[in-house]
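These notes are about the structure you will find just below.
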Amino acid sequence: MTDIQKKIIKLKKEKNALVLAHYYQTIDIQEVADFVGDSFELAKIAQKTEKPIIVLCGVRFMAESAKILNPGKTVILPSSDAGCLMADMIIPADVVKLKKEHPNAAVMCYVNSTAETKTYCDICCTSSSAVKIAKSLEANEIIFIPDRNLGAYVAEQVPDKTFYFYRGFCPIHNVVNADEVETARRKYKGAPVVVHPECKKEVRDAADFIGSTSAIIKFVENSEKSEFIIGTEIGVVERINKLMTGKKAYLLSSHLSCINMKKTKISDVLNALENIEEVIELDSDTMDKARITLERMVSVN
Ligand code: 13P
Ligand code: SF4
């Protein structure tokens, strides 16, 4: 443990704060967190915690979701400019347009979206819960926003429903291609290819397993194999290589580093706890409307 990590651990106890980290955070931040998880797990823990302060080491939509699900708490995003490129690709007017075009469809919103966008939707989902949520809906038509790749993946798993997509995507996962899968397979013979559903269809089709960040970690943990090609952000690869003895993970593509996830530095986490700065604030009307969609998401699982 470094001095700064020790200070964070001491301070979070003194202030009775809960530190949550997404798997894409750097290892030094994962090490000081009370819980590291995928976006669904972080949202559920934030909703239930009784601690007065939540430090969410991730990106803005994750901190907003924590605030919306547990509005009485002080929620801090240690690096205030850590957004999500996909979340910023859609605005409410785009949702309104899609709803006009498909009036009978339910609107399913990937949690990687702004709080305001969520207020125009019926239910949220994460990558780990999307298929289950699509199946649970009464509607036979679903508008899926904003990720066209996750949307297409869900539509493949739920063939009895009709899906309409928005053009959004994650610029980090979307650039990976099937040639890179082939090259990695040749280099790391016998290693399974494990990818996130934000990857394009050609990459998902070439993979051995598709899942959320937590599902990827569990797949590696439970596999008898010792080497893995990982098609999601580098934080997952670093976690496997640091914590899982006997397992070796390789990054599928050098593009797989999220600039926004990497904006949070360990010093920002200390600063957040010392000064209680970068507190998430949303207007109550937006929170009340967005909460309906997030609570529905949590209740399906
Ligand atoms: P998970 O829900 O799988 O953690 O994914 C979040 C994300 O932003 C992926 O790019
Ligand atoms: Fe958003 Fe992509 Fe970064 Fe995930 S990896 S937080 S979807 S920009």
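With respect to (1) part of a strand (DSSP E or B); (2) in contact with a Cys (Cβ under 8 Å, 6 or more places away or on another chain); (3) within 16 Å of ligand 1 (Cβ to nearest atom), the lone exception for V107 is condition (3). From the list K100, K44, K73, the lone residue that is open to solvent by 50 Å² or more (accessible area, probe 1.4 Å) and more than 16 Å from the chain's Cα centre (by Cα) is K100. Please work out if A33 is crowded, with 24+ Cβ neighbours inside 10 Å and either at pLDDT below 95 or within 16 Å of ligand 1 (Cβ to nearest atom) (or both). Considered against the rule, which asks whether it is crowded, with 24+ Cβ neighbours inside 10 Å and either at pLDDT below 95 or within 16 Å of ligand 1 (Cβ to nearest atom) (or both), A33 comes out as no.
For the stretch 273-290, the set of residues classified as closer than 24 Å to V111 by Cα and open to solvent by less than 40 Å² (accessible area, probe 1.4 Å) consists of I280, T286, M287, A290, listed by residue number.
Does A155 fit the bill of being surrounded by fewer than 22 Cβ atoms within 10 Å (Cβ to Cβ), aliphatic (A, V, I, L, M), free of Cβ contacts under 8 Å to residues at least 40 places away in the same chain and within 16 Å of ligand 1 (Cβ to nearest atom)? Here the answer is no, as A155 does not meet what is asked.
Those residues that are away from ligand 1 (no atom under 16 Å from the Cβ) and of a type in the set (S, T, N, Q), I need them from the stretch 69-104; list them, please. Let's see the steps before the verdict.
Filtering the stretch 69-104 for residues away from ligand 1 (no atom under 16 Å from the Cβ) gives 70-76, 78, 80-81, 91-104.
N70, T74, S80, N104 - these are the residues of the stretch 69-104 that are away from ligand 1 (no atom under 16 Å from the Cβ) and of a type in the set (S, T, N, Q).
Report yes if C121 is within 16 Å of ligand 2 (Cβ to nearest atom), touching a helix residue (DSSP H, G or I) at 6+ places or on another chain (Cβ under 9 Å) and at negative phi, otherwise no. Write out each step before concluding.
Details: within 16 Å of ligand 2 (Cβ to nearest atom): no; touching a helix residue (DSSP H, G or I) at 6+ places or on another chain (Cβ under 9 Å): yes; at negative phi: yes.
Against the criterion (within 16 Å of ligand 2 (Cβ to nearest atom), touching a helix residue (DSSP H, G or I) at 6+ places or on another chain (Cβ under 9 Å) and at negative phi), C121 does not qualify.
Scanning the stretch 8-30 for residues that are open to solvent by less than 10 Å² (accessible area, probe 1.4 Å), away from ligand 1 (no atom under 16 Å from the Cβ) and in a helix (DSSP H, G or I) yields one hit, I8. Among the residues making up the stretch 193-216, a single one is open to solvent by 10 Å² or more (accessible area, probe 1.4 Å), in contact with a helix residue (DSSP H, G or I) (Cβ under 7 Å, 6 or more places away or on another chain), of a type in the set (A, V, I, L, M, F, W, C) and within 16 Å of ligand 2 (Cβ to nearest atom): I210.
The values are calculated or read from the model by the stated rules, or taken from the named source; none is laboratory data. Just so we're clear, the structure is a prediction, and the values are computed from it rather than from any experiment. All Cβ positions, even for glycine, are placed from backbone atoms using ideal geometry, and neighbour counts span all protein chains on display. Heads up: the accessible areas ignore ligands, DNA and RNA and are worked out on the full protein's heavy atoms, side chains in. Shrake-Rupley method; radii C 1.70, N 1.55, O 1.52, S 1.80 Å.
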